[in-house]
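Here's the structure, in structure tokens; my notes come after.
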Amino acid sequence: MNSMSGNSYQDSDRDASHPSSQQEEQDDIFGGEDDEESLRERGESGLTRVIESLFGIMGDHGNSLMVYDTDSIVLRHQIAVGQVIRSFRFTHNLREVLIVTKDHRVRTYALSRFEGVFVKELTSVHREGISSMDLSKNGGYMVTGGDDNLIKLWDTDA
Amino acid sequence: MEYHLAYRSIITCSRDKSIRLWNIENFDQNVEFTSPIDQPLALAAHPTRHIFSVGFESGTMRIFDIEKTKVAEEFTQFNKPIKCMAYAPTGDLLITCSVDGSVALHNANRGHLPIKMMHLEFAPMYVHVAFSEPITRQRLLAGGPRIDSTSSVDDSQISSHI
């Protein structure tokens, strides 16, 4: 077990020291990418690559969702749903958030504006409340568990 | 219940005040932690290290070391039950939520020291916290003569306007 993990570390080190030809090709296309901070300091233009991650917590009364940037802990979105929120999940591409409300619905909001943009909603998901919801890694499927003792698998692309 | 990806086991906390780790291959019980006084309510497994965090009814959060089978850290940020907690996918940040909607952010890389507290004026009916998966975005940085005039635009914003 240890030797396996050791090999995997070696592989990752080798990959890091010798970037793939695809990566080099991409850098050539964009003329290479610089660190965002150094570009800002020099006042220059350029294309930077940033890793973005968000987290969401409940707002007052549980009627709104507050979405923060994980690195800076700055409020990025405040989505007023108008219903009591039970749980929520971000889609894998970070464009949308799926919100389960107390009225047995799953609402989808796009994260393109500060206040969010309502996209669609799933009604009659379960006969009773939706106790839990999660998304698959590729975002293609949603699974819900209901207070009606049912587990349902949904195709999110359909 | 929580799945520990790094340790490949399922962690459960139950009403009998026990926290148990189950082998994912054969569903044998590997480890059991018992808390005779405090009821464990919420779990979060660290994505890479062999540790997990448990939120208790008293408002105390304890970090358990699986390999040493002991409590590694203990923090009391709340005086009300901890209902929900989650680690960031990178394992850098831990967020704990109290039943009254208060939120504590812990730096998981520095001994889970609390770095920020957030409180709500009106308590929510349900408490939940979720992280997004980290994604890489290319950002066009338009520079100007002064540093404060520098602005950036996401590629997603560009595509949404086309």
Inset, instruction - Just need a number here: residues in region A:128-158 that are surrounded by 16 or more Cβ atoms within 10 Å (Cβ to Cβ), more than 15 Å from A:N93 (Cβ to Cβ) and of a type in the set (A, V, I, L, M). - result: 2
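If you take just the strands (runs of 3 or more DSSP E) that sit entirely in region A:43-158, which of them hold at least 3 residues that are of a type in the set (A, V, I, L, M) and within 30 Å of B:P114 (Cα to Cα)? I'd like the intermediate steps shown before the answer.
Details: elements: A:46-52, A:54-58, A:64-69, A:75-80, A:85-90, A:96-101, A:106-110, A:117-122, A:130-135, A:141-146, A:151-155.
Per the criteria, A:54-58, A:64-69, A:75-80, A:96-101.
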Legend entry - Positions within region B:79-117 being at the interface with another protein chain (Cβ under 10 Å from one of its Cβ atoms), among the aliphatic types (A, V, I, L, M) and crowded, with 16+ Cβ neighbours inside 10 Å, in sequence order: B:A86, B:A88, B:L93, B:I95, B:V103, B:L105
Inset, instruction - Working only within region B:23-46, note down all residues that are part of a loop (DSSP other than H, G, I, E, B) and of a type outside the set (D, E, K, R). - result: B:I24, B:N26, B:F27, B:S35, B:P36, B:I37, B:Q39, B:H46
Inset, instruction - Of the conditions (1) more than 19 Å from B:F131 (Cβ to Cβ); (2) surrounded by fewer than 18 Cβ atoms within 10 Å (Cβ to Cβ); (3) more than 10 Å from chain B (Cβ to nearest Cβ), A:V125 clears all except one; give me its number. - result: (2)
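Have a look at B:R49, B:R20, B:R15 and point out the one that is more than 19 Å from the chain's Cα centre (by Cα), among the charged types (D, E, K, R) and either modelled with pLDDT of 90 or more or in a loop (DSSP other than H, G, I, E, B) (or both). Show your work before the answer.
Values: B:R49 fails: more than 19 Å from the chain's Cα centre (by Cα); B:R20 fails: more than 19 Å from the chain's Cα centre (by Cα).
Going through B:R49, B:R20, B:R15 in turn, just one is more than 19 Å from the chain's Cα centre (by Cα), among the charged types (D, E, K, R) and either modelled with pLDDT of 90 or more or in a loop (DSSP other than H, G, I, E, B) (or both): B:R15.
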Legend entry - Where B:V153 falls short, out of the listed (1) assigned to a strand (DSSP E or B); (2) within 10 Å of chain A (Cβ to nearest Cβ); (3) modelled with pLDDT under 90: (2)
Inset, instruction - Being within 13 Å of chain B (Cβ to nearest Cβ) and under 13 Å from the mean Cα position of the chain (by Cα) is the filter here, so list the residues in region A:78-108 that pass it. - result: A:F88, A:R89, A:F90, A:T91, A:H92, A:N93, A:L94, A:R95, A:E96, A:V97, A:L98, A:I99
Legend entry - Only one of B:G101, B:G91 that is more than 23 Å from A:H61 (Cα to Cα), in a loop (DSSP other than H, G, I, E, B) and not acidic (D, E): B:G91
Legend entry - Residue satisfying all of: in region B:52-78; part of a strand (DSSP E or B) and either of a type in the set (S, T, Y) or within 14 Å of chain A (Cβ to nearest Cβ) (or both); surrounded by the most Cβ atoms within 10 Å (Cβ to Cβ) among these: B:S53
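Taking B:F75 as the residue in question, decide whether it is modelled with pLDDT of 85 or more and closer than 23 Å to B:P47 by Cα. Spell out how you get there, then give the answer.
Working: modelled with pLDDT of 85 or more: yes; closer than 23 Å to B:P47 by Cα: yes.
Taking the combined requirement at face value, the residue satisfies it.
Does A:I73 qualify as being within 9 Å of chain B (Cβ to nearest Cβ) and exposed (fewer than 15 other Cβ atoms within 10 Å of the Cβ)? Lay out the reasoning, then the answer.
Working: within 9 Å of chain B (Cβ to nearest Cβ): yes; exposed (fewer than 15 other Cβ atoms within 10 Å of the Cβ): yes.
Against the criterion (within 9 Å of chain B (Cβ to nearest Cβ) and exposed (fewer than 15 other Cβ atoms within 10 Å of the Cβ)), A:I73 qualifies.
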Legend entry - Long-range neighbours under 8 Å by Cβ, at least six apart or interchain, first residue small (G, A, S) within region B:22-36, second modelled with pLDDT of 85 or more: B:S35/B:K17; B:S35/B:S18; B:S35/B:I19; B:S35/B:F56
Inset, instruction - Quickly run through region B:40-56 and pick out the residues that are in contact with a Cys (Cβ under 9 Å, 6 or more places away or on another chain) and over 11 Å from B:L94 (Cβ atoms). - result: B:P40, B:L41, B:A42, B:L43, B:V54
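Take B:K17 and decide whether it is over 23 Å from A:R86 (Cα atoms), without any contact (Cβ under 8 Å) to a residue 60 or more places away in the chain and of a type in the set (K, R). If you could, list the steps in order and put the result at the bottom.
Values: over 23 Å from A:R86 (Cα atoms): yes; without any contact (Cβ under 8 Å) to a residue 60 or more places away in the chain: yes; of a type in the set (K, R): yes.
So B:K17 fits the description; yes.
The values are calculated or read from the model by the stated rules, or taken from the named source; none is laboratory data. What you are looking at is a predicted structure, and each value in this text was computed from that prediction instead of being measured. So basically every Cβ, Gly included, is an ideal-geometry build from the backbone, and we count neighbours across all protein chains shown.
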